[in-house]
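The values are calculated or read from the model by the stated rules, or taken from the named source; none is laboratory data. Predicted model, so just to flag it, every value in this text is computed and none were measured. Positions of Cβ are backbone-derived with ideal geometry, glycine not excepted, and every protein chain shown enters the neighbour counts.
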Ligand code: HEC
Ligand code: HEC
Ligand code: HEC
Ligand code: HEC
């Protein structure tokens, strides 16, 4: 009897194991199928993400939901000192926190930073400003050649760059594997002595696809001659990694080549603007060092019946912590959220301290100049301001670093604050020499006041922009539609200028 029971028990167990194994095999098959090439010929019109939908409906549907990350946050309103820090540079006109990938192309068009061109040749910005917005960019690099792509003004490609960050940005259309076609990434990795994308591990690639865009870069002026013998100048997106990917390494790179993005309009300091070094800072944090990839948190696996897929709604991982954090963490969601909130508050305090000093250092330098201080007297002061603002900007420009790399962020803001204070101590001496020891920098506690000091005329900029939107932008849209370059239906909600959500065209 006992033996019989044991036998039945074993049979049941064996049956269950077999079922489980079949189930696992089934899942594995589904996974493998998902990774299979749609066709060895690739996808015609691969820049249009909707062309991928019939092969990968779940990835497509979740990708489309990046539209839900639609909040526009006016950073100049939240942090007015930024308008003083960036006086004389386009960022003092308009600067919003990032939002969903769905908006990348249209937000670039709508930003006051890209100005109001009237034809393909007018500025202010170079073509390079499209580079991290669209899969149309690798297409143009392949069609026109990299140097031609990087030559000319931003408006040159207004009718060409029309699909927002999409499937062809991160995937090969024949194999569906992760792939990268913009040459600047591998050049940067090699300069830093790191492995190329293709030689990296699968887990590394799950972050490196993001590093196509979420990195620090500058536009390297490059003279070249085209096939017809015409001399041209390209502004090539370049990662400043020759001395490594640390903030100090990049600072030395820029100092060594005497590079500046612009000259500050109040203090006449040669400045460097940080872009969005999410990848570099993430590498210094505990998750980066333990090998947790961007995709692990921002694109967590999702189970749908027997199918497991990556959630392509890239956004705030705290909105679905059960998928993004709880795979690895045992604390309660509330507790983890509380820890993240604490990190944010610490960043806020140090950011406000450092940038208040940076803003004042610019204004005090401007006052010293008015009173007759010489460039020689201000040389060390300007170097301190340049370095202070670079470090402060590298800490905050990525928006996620307070969580990705809290210690590095606080270190950078601490050093930034110290360097700004050193500049201000030296400034007291210079101001005293010119009889202004009691000088108090003017108030920049609101966006209006700060932009006043930066001499930004918002009404004029907005009027020019609206005119551009009604004229040249309409021509771009018409041409793109006629040539079938993008689906206007898909992007019809991307333009939020007229719905009262805009920061410079409020209704
Ligand atoms: C910003 C980069 C990015 C974009 C844009 C993107 N993907 Fe992915 N995709 C990834 C990453 C990262 C993975 C995870 C890859 C892995 O671990 O194998 C992934 C995984 C996949 C997979 C493998 C199965 C799975 O779900 O893990 C498919 C299929 C896929 N994506 C299709 C698409 C399609 C279709 C689009 C456009 C609608 C798209 N992807 C847009 C980065 C991207
Ligand atoms: C082709 C360039 C490009 C690539 C590749 C890219 N991004 Fe982005 N990302 C952007 C741009 C541009 C924005 C800002 C869009 C806007 O504000 O209109 C953005 C915004 C974001 C946001 C803010 C979303 C929100 O709703 O607030 C997150 C998070 C993000 N990206 C993460 C990632 C991750 C993770 C990857 C890799 C899997 C990645 N990105 C790959 C260009 C890119
Ligand atoms: C361990 C999880 C985790 C990893 C790994 C991670 N992130 Fe994040 N990321 C977050 C969280 C949490 C936030 C903060 C969300 C918030 O509070 O707005 C964030 C914020 C961001 C933001 C700012 C979004 C906004 O709208 O302000 C960007 C951009 C971003 N991450 C990109 C990346 C990139 C690129 C990588 C890889 C280089 C990466 N993240 C790695 C969890 C992660
Ligand atoms: C793939 C696994 C993984 C995922 C996903 C992940 N973490 Fe972590 N997390 C780690 C590891 C590993 C550590 C390092 C601590 C250790 O080794 O014990 C860590 C450390 C932390 C710490 C403590 C270190 C610090 O910076 O203060 C916090 C807080 C944290 N994670 C929050 C989050 C949040 C919030 C999410 C989701 C947005 C998340 N983690 C997603 C693996 C993960």
For residue 482, which of the numbered conditions (1) exposed (fewer than 13 other Cβ atoms within 10 Å of the Cβ); (2) within 22 Å of residue 118 (Cα to Cα); (3) modelled with pLDDT under 95 fails to hold?
(3)
Out of (1) surrounded by fewer than 20 Cβ atoms within 10 Å (Cβ to Cβ); (2) touching a helix residue (DSSP H, G or I) at 6+ places or on another chain (Cβ under 7 Å), what's the single condition that is false for residue 95?
(1)
In the stretch 122-145, how many residues are more than 16 Å from ligand 2 (Cβ to nearest atom), in contact with a helix residue (DSSP H, G or I) (Cβ under 9 Å, 6 or more places away or on another chain) and at pLDDT 95 or above?
2
Give me the pairs: first residue in the stretch 50-73 and within 14 Å of residue 316 (Cα to Cα), second residue assigned to a helix (DSSP H, G or I), beta-carbon distance under 7 Å, and six or more apart or on different chains, which are they?
63/49; 66/101; 66/102; 67/102
If I ask for residues that are in contact (Cβ under 8 Å) with a residue 60 or more places away in the chain and within 16 Å of ligand 1 (Cβ to nearest atom), which ones from the stretch 144-170 would you list?
162, 163, 164, 165, 166, 167, 168
Just one of the numbered conditions (1) touching a residue at least 12 places away in the same chain (Cβ under 8 Å); (2) loosely packed, with under 12 Cβ neighbours inside 10 Å is not true of residue 322; which one?
(1)
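Here is a yes/no grid of residues against (1) more than 16 Å from ligand 3 (Cβ to nearest atom); (2) under 16 Å from the mean Cα position of the chain (by Cα); (3) surrounded by fewer than 16 Cβ atoms within 10 Å (Cβ to Cβ):
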residue	(1), (2), (3)
219	yes, yes, no
223	yes, no, yes
229	yes, no, yes
263	yes, no, yes
279	no, yes, no
291	no, no, yes
Regarding the stretch 479-494, can at least one residue be identified that is touching a residue at least 40 places away in the same chain (Cβ under 8 Å) and in a helix (DSSP H, G or I)?
yes
Step by step: first the residues of the stretch 297-319, then only those that are assigned to a loop (DSSP other than H, G, I, E, B) and modelled with pLDDT under 95, then the one that is surrounded by the most Cβ atoms within 10 Å (Cβ to Cβ). Which residue is that?
306
Quick one: count up the residues across the stretch 199-213 that are in contact with a helix residue (DSSP H, G or I) (Cβ under 8 Å, 6 or more places away or on another chain) and more than 16 Å from ligand 4 (Cβ to nearest atom).
5
If we ask which residues in the stretch 96-120 are over 15 Å from residue 471 (Cα atoms) and assigned to a loop (DSSP other than H, G, I, E, B), their number turns out to be 5
